[in-house]
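The values are calculated or read from the model by the stated rules, or taken from the named source; none is laboratory data. Small disclaimer: the values here were computed from a predicted structure and weren't measured. Positions of Cβ are generated from backbone atoms using ideal geometry, with glycine treated the same way; all protein chains shown enter the neighbour counts.
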Amino acid sequence: MEQRTVSSTSGRVTRHVAGLAAALALSAAACSSSVVTSGAAVGRVGEELSGHAQSVPRGGEVCALKDALAAQPGAAEKPVTESCSKQITNDQLWRRSMVVLGAYGETIDTIASGNGSETTGRLEAARTGIQGKDWIQVDGATEQAARDAAAQLVQQMSATGEKDDLEKAITDAAPHVKTLCDGLNGYLEEQARGLNEVHTELDKRRAARTDRRCTSVDGKTICVGDSASDRVVFAHAAGQLSVLELNHLEAQDAVTGFCTGHKKLEEAAKNGTLSSDETYAAVVDAVKASRRAHAIQSAAPETKSEPAPDTKPEKKPDAKPPSNPPAVSQK
């Protein structure tokens, strides 16, 4: 009797364990099948943009550098905050726009991973610091459209209700993402080009060595040329300009990768193929194509080398046989 009781109890435990294992296996399969890898991938690429926003764009600095190179000796100059105020404001707009795209990337990463809920996106939206449509005052149609798009994307993330529908989230965000992507790509490219122009002009002046410091003493003009310290300053400026240009180009690549990847998601959402392997492969290819190995071109002025003198070896005359060959002695 005791043996039968132990045996029956052991059987029930075995069946319970087997049932629990099966339930866990089904649960794991359900969780893995709910992950949309293409959406999670684009989300992770978007999160990268927040890091780039710490260093670019630098339109205000580009404006100040160009003003410095164009300044005339003795002429009155405006404060940088006045002459470059528009660029300084635009920097704030586009830097914050990158933060918004990064927050949106975190949001769709959460939804695509199967963890979407009513609270998804609310913290990410709060961290952008944008509250309301008029969060910054900007001029220009492109800038105003970007301001509105950023505000609407933040509003979408902070809205209440279930947020587990990845297809709906991507479709609703598509027009706002496109507006921010188009504006960001153009602005980052403009600043990278401006930094390259400043670098080129600065290097030309360094090579020409025509800049002089002049003053008047007792009616006489005294001028001094550049010193070793001046040349060190030139070298430091050239290095900083190269780094800034590279930062803008890399940020532009990151923006392009996210934007083209998001475009692939929009097409897949329309066709109902978000979970397909082909969509994930298309996203990976889009991101890969956006990353370039940038080599900052040397801004050194072109110098024409003098043609090398003709150093062809002189042609020696052919040796002529003697007119009177030596007589052969006969014995």
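Side notes on the structure shown:
Here is a yes/no grid of residues against (1) modelled with pLDDT of 95 or more; (2) farther than 27 Å from V56 by Cα:
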| site | (1), (2) |
| --- | --- |
| Q240 | no, no |
| K264 | yes, no |
| E267 | yes, yes |
| H294 | no, no |
| T303 | no, yes |
| E306 | no, yes |
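- Hey, T142 free of Cβ contacts under 8 Å to residues at least 60 places away in the same chain, part of a helix (DSSP H, G or I) and polar (S, T, N, Q) or not: yes
- Remark: E124 matches the filter, which requires a residue to be closer than 17 Å to E47 by Cβ, part of a helix (DSSP H, G or I) and in contact with a Phe, Trp or Tyr (Cβ under 8 Å, 6 or more places away or on another chain).
- Of the helices (runs of 4 or more DSSP H) lying entirely inside region 48-114, those containing at least 3 residues that are in contact (Cβ under 8 Å) with a residue 24 or more places away in the chain span 59-70, 85-112.
- Residues being among the hydrophobic types (A, V, I, L, M, F, W, C), in a strand (DSSP E or B) and farther than 30 Å from L184 by Cα are represented in region 201-215 by at least one member.
- Here K168 does not qualify as under 23 Å from G59 (Cα atoms) and in contact with a helix residue (DSSP H, G or I) (Cβ under 9 Å, 6 or more places away or on another chain).
- Restricting attention to region 97-123, the residues being closer than 14 Å to A53 by Cβ and charged (D, E, K, R) number 1.
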